[in-house]
1. Against the condition modelled with pLDDT of 95 or more and more than 26 Å from Y306 (Cβ to Cβ), how does K241 come out, does it pass?
2. So, of the residues in segment 158-188 that are within 19 Å of N6 (Cα to Cα) and charged (D, E, K, R), which turns out to be nearest to the ligand (Cβ to nearest atom)?
3. I need the full set of residues from segment 1-23 which are over 31 Å from the mean Cα position of the chain (by Cα) and either of a type in the set (K, R) or open to solvent by 20 Å² or more (accessible area, probe 1.4 Å) (or both), in order please.
4. What's the total number of residues in segment 302-317 that are out of contact with any strand residue (DSSP E or B) (no Cβ under 7 Å at 6 or more places or on another chain) and of a type outside the set (A, V, I, L, M, F, W, C)?
5. Look through D237, D272, D218, D259 and report the one residue that is at positive phi and open to solvent by 40 Å² or more (accessible area, probe 1.4 Å).
6. Of the residues that sit in segment 116-134 and are at pLDDT 95 or above and within 14 Å of the ligand (Cβ to nearest atom), which one is surrounded by the fewest Cβ atoms within 10 Å (Cβ to Cβ)?
7. Could you please give the count of residues in segment 46-83 that are among the small types (G, A, S) and closer than 12 Å to M1 by Cα?
8. Take the residues of segment 236-259 that are outside any strand (DSSP E or B) and of a type in the set (S, T, Y): which is farthest from the ligand (Cβ to nearest atom)?
Amino acid sequence: MENIYNITVENLTAYLEQLGAKKYHAEEMFRWLYEKKVKDFKEMTNIKKEIIKSIEEDFTLGEIKTVNVERDKLTNKYLFELADKEHVEAVLMRHDYGNSICVSSQVGCNMGCKFCESGRRKKVRNLKTGEMVEQILKVEEDLKERISHVVVMGIGEPFDNYENLTEFIRIINDKKGLQIGSRHITVSTCGIIPKIEEFSSFPYQVNLAISLHAPNDDLRTKLMPINKVYPLNKLIDALKKYSEKTSRRLTFEYILLKDINDTEECAKQLADLIQKMNAYVNLIPYNPTENLEFLRSEPFQIMKFYDILKKNHVNVTIRREFGSKISAACGQLRSKKEDL
Ligand code: SAH
């Protein structure tokens, strides 16, 4: 049995054709699944009984369960249980431009970034496509509102789960599916170069965010072990090529860690590193965690860093904060539960 939410409309068409059903049935089914959000295949009343029967034999209608929701004014945090009893989380953020969800892509993570809570547990497995899709469905169901923006910035490294990630994007972007515009979808990576290259041929205008966090190799390797494999000069080269080829939006994420990467020297190095690139920098105030020793930069230091970048003609913004009260901040997902 396979989860029906793993399947793109093209693959569903192929499946139905082999049952002798018409092509448009796949599109009809997508509407039942994603617009009407049926809870039972039998609710798909305009689809023939025999076809429903085969579908019931071959597919499950979802595999994840919401087991906890923490609510704050602008943020909700959802804890999901997967079929094998593993847990992942998603965070809803209410913006003035719409509802945005941060989804997880793996159970655990192997990237080992020193400041990140999610990486304290090694990767157990990749999330399947449907398990990512369902995080959106569950949150929409809870809100009774549409989700318009998706960021893949929850637990896991999406480019370490590339096939399922790209299938996920196809499904949520589908006109018959959730209709989330590709420019409203952002994938965040720690910088896995071969996948950045591959992603440049993926035919959707999605946004790419790079977790940079340091402007030189020494510091970046200390904070993010992946930098040993894909050092900065190679990463920047790959991103320049990606930018030229796709003209898609590129963002550098830079968490400010007190006295570690928030110095004036670092700001100048960062400006040099990404000079003339068609990208902008998102400065992220660090969310201190219970387990690790990093501290958030002082506000004046954040402003100083920001000013230096501005003066050097870098497009820069400071991330608005969401969810630090309910530990819904980046990198804090799930670890609280594990400690219980
Ligand atoms: N693996 C991907 C996506 C998940 S992490 C990536 O590395 O981009 C999403 C973002 O949250 C990354 O930029 C990560 O570095 C950041 N992050 C992790 N822990 C954080 C913390 N405590 N405070 C602020 N941002 C954090």
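The values are calculated or read from the model by the stated rules, or taken from the named source; none is laboratory data. Not measured: the values here are computed from a predicted model. Don't worry about glycine lacking a Cβ; one is built from the backbone with ideal geometry, like all the others, and counts go over all protein chains shown. Just the protein is used for accessible areas: all its heavy atoms, side chains included, with ligands, DNA and RNA removed. Shrake-Rupley method; radii C 1.70, N 1.55, O 1.52, S 1.80 Å.
1. When the stated conditions are applied, K241 passes them.
2. Restricting to residues being within 19 Å of N6 (Cα to Cα) and charged (D, E, K, R), the top hit is D160.
3. Result: E17, Q18, L19, G20, K22, K23.
4. Within segment 302-317, residues that are out of contact with any strand residue (DSSP E or B) (no Cβ under 7 Å at 6 or more places or on another chain) and of a type outside the set (A, V, I, L, M, F, W, C) number 5.
5. D259 is the lone residue from the list that is at positive phi and open to solvent by 40 Å² or more (accessible area, probe 1.4 Å).
6. The qualifying residue surrounded by the fewest Cβ atoms within 10 Å (Cβ to Cβ) is K123.
7. Number of matching residues: 2.
8. Here the answer is S247.
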